[in-house]
1. Over its Cα atoms, what ratio of radius of gyration to 2.2 N^0.38 Å does the chain give?
2. Using Cα centres only, tell me the gap between region 110-159 and region 228-255 in whole Å.
3. Given a Förster distance of 35 angstrom, what is the FRET efficiency for Gln203 paired with Tyr406, based on the Cβ-Cβ distance and rounded to 0.05?
4. Filter the cross-link list Lys126/Lys207; Lys35/Lys62; Lys35/Lys116; Lys128/Lys167 down to pairs whose alpha-carbon distance in this structure exceeds 19 Å.
5. Using 18 Å as the cut-off for backbone N distance, which residues of region 137-154 belong to the label zone defined by a point 7 Å from the Cα of Thr86 along Cα→Cβ?
6. Once you put a point 7 Å from the Cα of Met277 and another 7 Å from the Cα of Asp129, both along the Cβ direction, what distance in nm separates them?
7. Cα centroids of region 284-331 and region 26-98: how far apart, whole angstrom?
8. Might you report the magnitude of the Cβ-based charge dipole of region 238-312 about its Cα centre, with Lys and Arg at +1 and Asp and Glu at -1, to the nearest 20 debye?
Amino acid sequence: MIGFIIFIVVVMGIAGVVSYFYLQKKEQASIREIKDYLIKRITDGREINYNHASNLFQTSEKKIYKAAKNVFTDYYRKYISDGIITDKEEKNLGVLIERLGLDSRDVNMIYDIEGKSKLRNVLKEKIKDGELDEGEIAELDMLRKELGFSKGEATDALRKDLKIFMKAKFSEAAADLDITDDEILEIDNIAAKMGIPVSEARQELKKDVIGVVRKRIAFCFEDQEIYKDEAEDLSKIMKLFGVSGKQLEKFGSDIRYLLDLTNIKKGNLPRVSASRMLSAHEVCHLDCQCIHTTLGYATENTYRGTLLVTNKRVLFDSAERGFDFKLQNILDVSTIRKDVFISLKRILGNGFYRVSDQARFVAIILGACLKANWHRGSGFSSERSRHIPQHVKTEVWSRGNGACVYCGANDYLHFDHIIPFSKGGSNTAENIQILCAKCNLEKSDRI
Ligand SMILES: [Zn+2]
């Protein structure tokens, strides 16, 4: 019984689908038939009698009228396909309107829709090669006049495609991580010539600019330095494109921090007052809380204390242990997750140092060594492990779409060695991923 019901349902379903498609097909065929009839009639020089046609095709006058608009659209499309409406074509359009009995509002709507779509297609064709030069802009303007659009109407019609084009232009300009004045000027020019206010174009590109700045700052964080011209460049484009508020503040403070690190590494060291007595002519560069872990063969001891870096030495002081060593005793400095590892020519002081601002601590050691003419500084592991080649950074960045691979955040990003450099991991794209600061810390807690 159930089998029979299913059989009936299936048969009815198939019948329904078949009849639906049959009717659909018949409908389409009849529109074509009506159009053929209309074309024959007007080319014979006769006007359309809607009452007669509707009786002939056993359909509504509305449907005949729809077919008539269709016929007119086909003609108009054909006439504008070469971009020029000749006098003869112009005259023909008038005749068509009359014989088809079209309402002027409908005609204008067809002119509008078809004309704008023609403009858009021509624009798309012209920007296919990634360029829109003066000659092409002039050609577009000719076409606009031919199609009877005002400049404003044409701009509105092309706005969406122009913005996509400008975005593509911008990302091309930003691909080499350097956006020149000429490149910005070119985009401005295209906008201005096409009637889009420069302010609107800039606003449109703001999001892209933020993406570029974020990427460049992340790259600089990897190197832990920023060149002065690059910093100025970033500030300039943020200003140009109206990056403001919290976003500007954050990028601004990142850039200032990186400039500070860069300066320190070059030997322009900060002077701070020391929490303990130093010898004469000794200048204090860093005085901060520090957790020191000794590098023992059997046991590792951890001490909480104060760390000082001066122009002569590094001092550590805690309740249980205190020592100092000369800068010239430092053999190597490397960063291992949250710790800075310092190896010395002697045993006391060898080990891990954890401070709140690791990058700044390393920079101060480097800068102080440089100033003290201890040239090993630039050869420390902390520096060698950096400087992931530019092409590797670019590859990793685009692979991860410029977001943290763990949580998708796109602020405070760092390049992370999947296998740490200190454990033999390499500077290749396979071994590097993007992590945000938070996930980076969580990862280092697990290791
Ligand atoms: Zn994250």
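Bear in mind these aren't lab numbers, they're just calculated from the coordinates by the rules spelled out. This structure is a prediction, so every number in the text was calculated from the model and none was measured. Counting neighbours? That spans all protein chains shown, and the Cβs are built from the backbone with ideal geometry, glycine included.
1. 1.63
2. Here the answer is 36 Å between Cα centres.
3. Details: r = 32 Å, r/R0 = 0.93.
Given R0 = 35 Å and the Cβ-Cβ separation, E is 0.60.
4. Numbers: Lys126/Lys207 26 Å; Lys35/Lys62 13 Å; Lys35/Lys116 24 Å; Lys128/Lys167 14 Å.
Too far apart for the 19 Å limit: Lys126/Lys207; Lys35/Lys116.
5. Within reach of a label on Thr86: 146-147.
6. About 8.0 nm separates the two model spin labels.
7. Here the two parts' Cα centres lie 92 Å apart.
8. Values: 10 positive and 6 negative charges, 49 e Å.
Dipole of region 238-312, to the nearest 20 debye: 240 debye.
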